[in-house]
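Asks: Quick one: structure below, then a few questions.
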Amino acid sequence: MRNNESEQLDLLFSAMAKAQGEMGEAGKGSVNPHLRTRFSDINDLIRATRPALHKHGLTVIQNIITDDDGVSYLRSRLGHSSGQWIQSWVKINPKAGTNINPDQSFGSSVTYLCRYSYKPLVGVITHDEDDDGESYTQESKVNGVKVLDQNMITEMDWELRNEPDIRQNILERGKWNQVKDIPYEKFSAVIEEVRRLKRVKEGKV
């Protein structure tokens with residue numbers, strides 16, 4: 001099991017509390033080409049957070065790590081000038097297909113995951129009408145019916161990490177056994193409900 005934090009975190013958390021108090025809301029500089037709605041891309045997130053992070057001795061480093069089996073992961077590390085740090089890992093699952101350029105697909109996957117790893121790592125606020133997920137997810141079907149692909153499942157699992165009560169709430173309400181059972185057409189509504197419940201839990205609404 002990977003170690004995802006340094007032994008001491010007091011200085012990092014103190015600095016993050018100050019930095020988050022100075023961060024503004026991220027702008028929405030990109031457009032989802034499928035739904036024609038605006039969202040905050042990774043550049044918007046960085047612009048909204050880097051000045052406060054830098055001021056308080058914080059930095060975010062995101063890089064690709066490939067294991068001995070050839071599986072690639074995006075590692076996102078939030079570090080403090082004291083040497084304290086926390087990090088997250090997410091598997092990179094690019095699209096596959098005969099008409100898909102593998103290099104472009106890999107790059108698109110990394111860009112997408114950078115955004116979703118960066119947001120919770122630094123706690124930046126966004127109020128997106130939608131996100132960029134649909135532009136990079138792969139349409140999957142079972143018996144002719146659209147189902148969540150692995151990237152959508154990864155996104156939902158990421159939002160539900162460390163939230164067993166919300167996970168149980170969502171699955172019980174929908175009468176689903178696991179995340180992959182959520183109907184494709186309900187994905188956007190469900191993930192927005194997950195985010196709403198997290199904001200309520202954190203006292204942000």
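The values are calculated or read from the model by the stated rules, or taken from the named source; none is laboratory data. Here the structure is a predicted model, which is why all the values come from computation and not from measurement. Cβ coordinates were reconstructed from backbone atoms using ideal geometry, including for glycine residues, and neighbour counts include every protein chain displayed.
Asks: Only one of these conditions is not met by LYS201: (1) under 28 Å from GLY21 (Cβ atoms); (2) under 15 Å from the mean Cα position of the chain (by Cα). Which number is it?
Replies: That leaves (2) as the condition not met.
Asks: With respect to LEU160, is the statement that it is aliphatic (A, V, I, L, M), at pLDDT 75 or above and more than 21 Å from LYS198 (Cα to Cα) true?
Replies: no
Asks: I need the full set of residues from the range 98-149 which are modelled with pLDDT of 60 or more, among the β-branched types (Val, Ile, Thr) and under 27 Å from GLN87 (Cα atoms), in order please.
Replies: Of everything in the range 98-149, those that are modelled with pLDDT of 60 or more, among the β-branched types (Val, Ile, Thr) and under 27 Å from GLN87 (Cα atoms) turn out to be VAL110, THR111, VAL122, VAL124, ILE125, THR126.
Asks: Further question: In the range 77-90, which residues are at pLDDT below 95 and polar (S, T, N, Q)?
Replies: Hits for the range 77-90 are GLN87, SER88.
Asks: Quick check, is PRO94 modelled with pLDDT under 85, out of contact with any His (no Cβ under 7 Å at 6 or more places or on another chain), of a type outside the set (Gly, Ala, Ser) and surrounded by fewer than 15 Cβ atoms within 10 Å (Cβ to Cβ)?
Replies: For PRO94, the condition - modelled with pLDDT under 85, out of contact with any His (no Cβ under 7 Å at 6 or more places or on another chain), of a type outside the set (Gly, Ala, Ser) and surrounded by fewer than 15 Cβ atoms within 10 Å (Cβ to Cβ) - is not met.
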